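Reading through the structure tokens given below for one structure.
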Amino acid sequence: MKMKLWVTGTVALALGAVGCQPPAPEPEDVAEVTAKRSGDLVRNLGSSMRTLSNLSALKMLTDVASSVGGASNAGGGLQGMSITRLAEESPLPVPGVPDEVTSQAQAALVEKYLRERIFIEANVEETKGSSTTFRITGEDLCTDGSKPAAPECVAEVDKYELRIRATNKGDEKLDLELLFGPNRAEPLSLSFTDVRVGLTVDLGGVKATVKHLSPETKLPRVMVGRVELALTSRGPQDLEFQTSILDALSVEWDTVSGTYAFSSAKATPLTELKVWQMNGANWARVALNLGTTEIRAPYSGTKPEFAGKPYVGSLSGLSFAMEAQEGSEALTIAHLGLGEAQSYVAVGDHKLVTADLNALSGRHFDLNVSKGTDGRAVLSVRPEFDLSVFTDMEPLYEDEAGGQPTSNLRTNFNVRLSGGDAPSVRPVPANESTGFPGGLQVVSGELSVTVNDSRVSVPATRCLVKESTTSESTSGVGFEARDCQ
């Protein structure tokens, strides 16, 4: 009797679960949800990018980078190599910020495709449970309907055997899975809520898809991990774009010389860009939170002690969080750091290069950029900036004649700005009338640069400049402290 009651209860629960399952979505409902929310996101993204481009604090940051990199002579080789100049001379295309007319046109085109060519009754292939599957052809994607589709485009699209499975998740939520090939591999999926669109990429699904489409293509032996791109929009002036590593990434591929590998830890979110309004002013936030990331490559030298051991580049992390307010030229970049541990490049167990940032003060710092009373930018840090880099290349040194290296292959380098509540510096341009070459002035605290056993210390009010070639004595560091005039 007890057994019968148990079976009856189980069946009742199963039937209840089936009865509560949302129905499969109708084509017009899928079209309406995806078109409206995608169109709104395109419009709101354009509006937010225009707001971001007009924030004076971000413009000032570019100017500061330009002055530190170009006007200051403290870096020697950095002279003239400002971020602004590099951006202007870069051959890479930099996308512009779309105006309102362009944003509206782009949104309208997206809506037209989704409503009139993708999610239509004629493309429904299957309805099952809470899902409706659409078969998408080259004729659907290769034209907006105003002219015939190009045969080459149609053939290229059709070889993918593309399908889209739309699943009703209830509460106005909709998931889309992109299915490729006869085995319906799922490399991409999208999720729609009332304010959010998320795109998830599964590396395993990507591998399966490529295997079907191009069996001859040599793929990495290991491809695992999931990445998400998400847009959340609550209005033209309230938008957030995030990327995340949902599951740790790992890629490995074999060559005749050995195994190469890349990995990156889970990070949610990895990057963030947010634009919003508060108290009548526009705000923007940009953040990065990269976890431990490593690259491995086989050793290719002739040293027997390193045979079979890999090169390893390990970045413990990379993070910052920056907020800017409309009308304010002050800017704080918080939580700047290189992770929670030492970053390094090694071969086997031997570390060739190590990098430590604020190792004794939390491994992070905050950077504030503002304008002084004279209009020049002032950069201050909390609690300090303390970067140490050590290199030891001696184990890799190879001389066919058996000779010794002609220069020191081991170097200790440190630059530190510390002292007081918020030690600060500012770039000072060159002065031709006095012969001052340009440098970095210490406003408060102390700045020091150390190379092996040589050290230059710059107290408040003085400047760090590149060492003169005519100087009678050298510091061994390549820089010197002098008055800023």
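The values are calculated or read from the model by the stated rules, or taken from the named source; none is laboratory data. Quick caveat, the model's predicted, so the values are computed rather than measured. As a convention, Cβ positions derive from the backbone with ideal geometry for all residues, glycine included, and neighbour counts pool all protein chains shown. To get the accessible areas, we keep the full protein, side chains included, count just its heavy atoms, and leave off ligands, DNA and RNA. Shrake-Rupley method; radii C 1.70, N 1.55, O 1.52, S 1.80 Å.
Residues that are open to solvent by 40 Å² or more (accessible area, probe 1.4 Å), among the charged types (D, E, K, R) and either more than 18 Å from L315 (Cβ to Cβ) or over 14 Å from the mean Cα position of the chain (by Cα) (or both): does region 242-250 have at least one? If you could, list the steps in order and put the result at the bottom.
The initial filter retains those residues of region 242-250 that are open to solvent by 40 Å² or more (accessible area, probe 1.4 Å), namely 242, 247-248.
Restricting the remaining residues to those that are among the charged types (D, E, K, R) gives 247.
From what's left, either more than 18 Å from L315 (Cβ to Cβ) or over 14 Å from the mean Cα position of the chain (by Cα) (or both): 247.
There is at least one residue in region 242-250 that is open to solvent by 40 Å² or more (accessible area, probe 1.4 Å), among the charged types (D, E, K, R) and either more than 18 Å from L315 (Cβ to Cβ) or over 14 Å from the mean Cα position of the chain (by Cα) (or both).
Considering region 231-241 alone, what residues qualify as being surrounded by 16 or more Cβ atoms within 10 Å (Cβ to Cβ) and either among the acidic types (D, E) or assigned to a strand (DSSP E or B) (or both)?
Once the filter is applied, which keeps residues that are surrounded by 16 or more Cβ atoms within 10 Å (Cβ to Cβ) and either among the acidic types (D, E) or assigned to a strand (DSSP E or B) (or both), region 231-241 yields L231, T232, S233, D238, L239, E240, F241.
Restricting the search to region 291-331, which residues are among the hydroxyl-bearing types (S, T, Y) and either open to solvent by 60 Å² or more (accessible area, probe 1.4 Å) or on the phi > 0 side of the Ramachandran plot (or both)? Spell out the reasoning first.
Going residue by residue through region 291-331, those that are among the hydroxyl-bearing types (S, T, Y) are 292-293, 299-300, 302, 311, 314, 316, 319, 328.
T292, S300, T302, Y311, listed by residue number.
Kindly list the number of the only condition in (1) surrounded by 17 or more Cβ atoms within 10 Å (Cβ to Cβ); (2) more than 22 Å from S47 (Cα to Cα); (3) modelled with pLDDT under 95; (4) of a type in the set (A, V, I, L, M) that fails for V275.
(2)
I need every pair where a residue in region 141-161 that is of a type in the set (V, I, T) has its Cβ under 7 Å from the Cβ of a residue that is open to solvent by less than 50 Å² (accessible area, probe 1.4 Å) and modelled with pLDDT of 90 or more, sequence separation at least 6 or different chains.
Listed pairs, sorted by first residue: T143/A149; V154/G138; V154/C142; V157/T137; V157/G138; V157/C142.
Consider A261 carefully, then state whether it is at negative phi and at pLDDT 95 or above.
On the way: at negative phi: yes; at pLDDT 95 or above: yes.
When the stated conditions are applied, A261 passes them.
Tell me the residue from K218, K147 that is within 30 Å of V256 (Cβ to Cβ), open to solvent by 40 Å² or more (accessible area, probe 1.4 Å) and not in a helix (DSSP H, G or I), please.
Values: K147 fails: within 30 Å of V256 (Cβ to Cβ).
Among K218, K147, only K218 is within 30 Å of V256 (Cβ to Cβ), open to solvent by 40 Å² or more (accessible area, probe 1.4 Å) and not in a helix (DSSP H, G or I).
Show the residue pairs meeting these rules: Cβ distance below 8 Å; 6+ apart or different chains; first residue within region 360-378 and on the phi > 0 side of the Ramachandran plot; second residue open to solvent by less than 40 Å² (accessible area, probe 1.4 Å) and not in a strand (DSSP E or B).
Close Cβ pairs satisfying both conditions: R363/G339.
Cβ-Cβ below 8 Å, separation at least six or inter-chain, first residue in region 259-282 and within 25 Å of E340 (Cβ to Cβ), second in a loop (DSSP other than H, G, I, E, B) and of a type outside the set (S, T, Y): which pairs?
Hits for this filter: S264/G291; A265/G291; K266/G291; A267/G291.
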